[in-house]
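**Student:** This is the structure I have questions about; it appears just below.
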Amino acid sequence: MKLRPIGELTEKIATWNPARAQSVDNFTYIDLSSIDSLTKEIVKPQQVTPESAPSRARQLVRAGDIIVSTVRPNLNGVAVVPSECDGATASTGFTVLRPTTEVESAYLFHWVRSPLFISAMIRQATGQSYPAVSDRIIKNSLIPLPSRTEQLHIARLLDHMDALRAKRREAIALLDGLAQSIFLDMFGNPRQNPMGWPTDNLANLADPTDRINYGVIQPGDHRSDGIPLVRVGDLLHGRVDRSAMKKIDPQIEAKYSRSRLRGNEVLVGCVGSIGAVALVNDSDIGSNIARAVARIPISSEPLRQYIAEHLRAASIQHYFVNELRSVAQPTLNIKQLAETVVMMPPPGLPEEFASRAALVRRQQKSHTAHLSLLDSLFVTLQHRAFRGEVVPNVAASVA
């Protein structure tokens, strides 16, 4: 299969300077925060005025363009511009790829999502604290270019597999909401306490032999042979997602033994994804947590599961937001978290809830395992497709 520089297969785009614009009230602006890193979609475009527009707001995009973030290539911030963003302005932090007639847009999009492309960009990135690549590096990078017919075939195959993964993620999200529905049905809104049950502060419910705390302040660089570190981004669907965990130097981790996970904790995000909640599982024991994550040790397993769902309730999440302290980054500190008021239902109810929630989690675990399989197959299919070794029925066999 022949290789071609991406720049030879894409067109130039127009730019503008909003500060010099006349008769423009506002416009749609796309930056890296607009992209969902999981689904690779533009989900949060902003409406800005020319006066408030960032200096990076320059590139005019069309529906079907592919935007590739030049910063932190390991995060693979890529997306296709949807029709509702036609005419939007993209940050200069993106390389905008507008395919010529030689390359199918969907094929090019799958290529810039592939491990082969990502690895190539990571290797060429410069800057330790803020790694980035240039437009030139992206456009000079090579893409395997089969015939248009084969491009369409590969894109459709990968699209089909991607759709299966999306459906599985949707099922996991629905189950995630089911646990909260069960909680609200049994106990009601925690901030309203409709049953008039006694209440207590979260700090008083923590394991008396332990305490609520934060984790590692300066974890250092990733070490492939290091100790896993749970970050805020790893708190997903009520559990710790271990698929892309950072690992830190054991000597650094040893200084934070107080926050090492023991298996009886509830974790809460305190910076970034404020209020993200996860139950620690057996597979997490021995890992540590980042400074942006709070660890709440609970000695009773039914109480631990009850508290985790209590903290995920919308009214408690609203409380967390109201209690944020504005420093360099909005932060939920230990004091505010420890003072969270928790309803204390009669004995037996937390146990009943834990039993019902366990059924939901078992379903989640099954769906998550299947999603992991689909993810692995998707990567394998990408590798084979871009080497010209596509097996037509691979995607259908796992549907």
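We did not get these values from a lab; they are worked out from the coordinates using the rules stated. All values reported here derive from a predicted model rather than from experimental measurement. Counting neighbours? That spans all protein chains shown, and the Cβs are built from the backbone with ideal geometry, glycine included.
**Student:** Find the Rg to Rh ratio for region 198-344, where Rh is the Kirkwood radius over alpha-carbon pairs and Rg uses the same atoms.
**Tutor:** 0.95
**Student:** Identify which of THR49, THR95, THR331 has the largest mean-square fluctuation in a Gaussian network model of the chain, with springs joining Cα atoms closer than 10 Å.
**Tutor:** THR49
**Student:** How high is the relative contact order of region 3-145, in percent, counting Cα pairs under 8 Å that sit 6 or more residues apart?
**Tutor:** On the way: 279 pairs, mean separation 43.9, N = 143.
So the answer I get is 31 percent.
**Student:** So, with +1 on the Cβ of K and R and -1 on the Cβ of D and E, and no other charges, what is the size of the charge dipole of the chain about its Cα centre, to the nearest 20 debye? Could you put the intermediate results ahead of the total?
**Tutor:** Working: 45 positive and 39 negative charges, 178 e Å.
With Lys and Arg at +1 and Asp and Glu at -1, about 860 debye.
**Student:** How far is helix 301-312 tilted, in degrees, relative to the longest principal axis of the Cα atoms in the chain, given as a value from 0 to 90 rounded to the nearest 10?
**Tutor:** Once rounded, one gets 50 degrees.
**Student:** Here is a further query. Can you give me the relative contact order of region 198-344 as a percent, contacts being Cα pairs under 8 Å and 6 or more apart? Mind dumping the intermediate values first?
**Tutor:** Numbers: 303 pairs, mean separation 46.6, N = 147.
Across region 198-344, relative contact order equals 32 percent.
**Student:** With unit charges on the beta carbons (Lys and Arg positive, Asp and Glu negative) and the dipole taken about the Cα centre of the chain, which residue among ALA63, ALA313, ALA276 sits farthest to the positive side?
**Tutor:** It is ALA63, whose Cα lies furthest towards the positive end.
**Student:** Looking only at SER224, SER114, SER287, which one moves most when the chain is put into a Gaussian network model with springs between Cα atoms under 10 Å?
**Tutor:** Evaluated over the chain, the most mobile residue of the options is SER224.
**Student:** What order, most packed first, do the peptides 124-131, 241-248 have when packing is the mean number of other Cβ atoms within 10 Å of each residue?
**Tutor:** 241-248, 124-131
**Student:** Taking N as the number of residues in region 71-137, what is its Cα Rg relative to 2.2 N^0.38 Å? Provide the component values of the computation, followed by the final result.
**Tutor:** On the way: Rg = 12.9 Å, N = 67, 2.2 N^0.38 = 10.9 Å.
Cα Rg divided by the expected 2.2 N^0.38 Å: 1.18.
**Student:** Under the Kirkwood approximation for Rh and a Cα-based Rg, what ratio Rg/Rh is obtained for region 280-377? Kindly include the intermediate steps, with their values, before the conclusion.
**Tutor:** Working: Rg = 16.4 Å, Rh = 16.1 Å.
A ratio of 1.02.
**Student:** If the viscosity is 0.692 mPa s and the temperature 37 °C, what translational diffusion coefficient in µm²/s does Stokes-Einstein give for region 1-158 when Rh comes from Kirkwood over Cα pairs? Write down the numbers at each step before the final one.
**Tutor:** Numbers: Rh = 16.1 Å.
Translational diffusion coefficient: 204 µm²/s.
**Student:** So, one more: Going toward the positive end of the dipole of the chain, with +1 on Lys and Arg Cβ and -1 on Asp and Glu Cβ, which of ILE217, VAL24, GLY233 do you reach last?
**Tutor:** Farthest towards the positive pole: ILE217.
**Student:** Hey, another quick one. Take the Cα atoms of region 123-184, find their three principal axes, and give me the spread along each one in whole Å, biggest first.
**Tutor:** Taking max minus min along each principal axis of the Cα atoms, region 123-184 gives 54, 42, 15 Å.
**Student:** Can you tell me the relative contact order of the chain? Whole percent, Cα pairs under 8 Å, sequence separation 6 or more.
**Tutor:** This gives 16 percent for the chain.
**Student:** Just one of [x] 47, 35, 18; [y] 42, 25, 21; [z] 29, 26, 21 is semi-axes √(5λ) of the Cα gyration tensor in Å as worked out from the coordinates here. Which one is it?
**Tutor:** Computed from the coordinates, semi-axes √(5λ) of the Cα gyration tensor in Å corresponds to [y].
**Student:** Quick check: the angle from helix 148-187's long axis to the longest principal axis of the chain, C-alpha only, nearest 10 degrees?
**Tutor:** It works out to around 20 degrees.
**Student:** On alpha-carbon atoms, Rg over Rh for region 268-330 using Kirkwood Rh? Don't skip to the answer; put the middle values down first.
**Tutor:** Values: Rg = 12.7 Å, Rh = 12.9 Å.
Rounded to two decimals, Rg over Rh is 0.99.
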